[in-house]
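Notes for the one structure printed next.
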Amino acid sequence: MRPLFLPSARQTSWLLIIAFLSVGEAMYLRYMAIENLNVELACQAGLKTWLCGAFHVSIALYNHYVLGAVALAAALLNLIRPSIVLVAVVLAAGGFGVVLHNPELSALAAGLLILSLARPAPATE
């Protein structure tokens, strides 16, 4: 029987960093740009700053459920063939999706990510 897919201690540390940075950036965008009325009105009026650019990108991604779809697709691929890169993509996109009010697909992706830890690791030759 092959061993289960389990990230090493170093990989887990990097995954934690990726997850915390993703959720932190999403919280910053949500509370400093999306829910801040002054910044929102300035961005909609045409202000050209990096915060307004990130505001417009996050609104476009939210309207089309891109964050949840990316997290779900990566989680499904990770369920089929576990990979540390796919885990990182799921954590980053899922963290953004949950914070930016797209929890349905992102939460499903997180559940599939947990299930993928019970899968056998890919065979190494």
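The 3J(HN,Hα) values that the Karplus relation (6.51, -1.76, 1.60; θ = phi - 60°) gives for the stretch 81-93 are, in residue order, 9, x, 8, 5, 5, 5, 4, 5, 5, 4, 5, 5, 5 Hz. Gly and Pro appear as x.
Computed from phi, the 3J(HN,Hα) profile of the stretch 39-46 under the Karplus parametrisation 6.51, -1.76, 1.60 (θ = phi - 60°) reads 5, 4, 5, 5, 5, 6, 7, x Hz, with x in place of Gly and Pro. With bins 10 Å wide beginning at 0, the percent of Cα pairs of the chain falling in each bin runs 14, 38, 27, 14, 6, 1, 0.
Taking amide hydrogens as placed 1.01 Å from N in the peptide plane, the amide H of Phe5 sits under 5 Å from those of Arg119, Ala121, each at least 5 positions away in sequence or on another chain. Using a 7 Å offset from Cα along Cα-Cβ at Tyr28, what residues in the stretch 72-107 end up with backbone N under 17 Å from the label point? Under 17 Å, as judged by backbone N against the label point of Tyr28, lie 92-93, 95-97, 99-100 of the stretch 72-107.
If each residue of separation counts as 0.36 nm, what is the full-extension length gain between Ser83 and His56 once their alpha-carbon separation is subtracted?
Numbers: separation 27, 0.36 × 27 = 9.72 nm, distance 3.15 nm.
The Ser83-His56 span can extend by a further 6.6 nm.
Think of it as helices only: each DSSP H run of n ≥ 4 in the chain is worth -39500 (n - 2.57), and spread over all residues that comes to -23000 deg cm²/dmol at 222 nm.
Here, each number is a calculation from the coordinates, and none is a lab measurement. The model shown is predicted, which means the values in this text are computed figures rather than measured ones. Please note: Cβ atoms are built from the backbone with ideal geometry, for glycine as well, and neighbour counts cover all protein chains shown.
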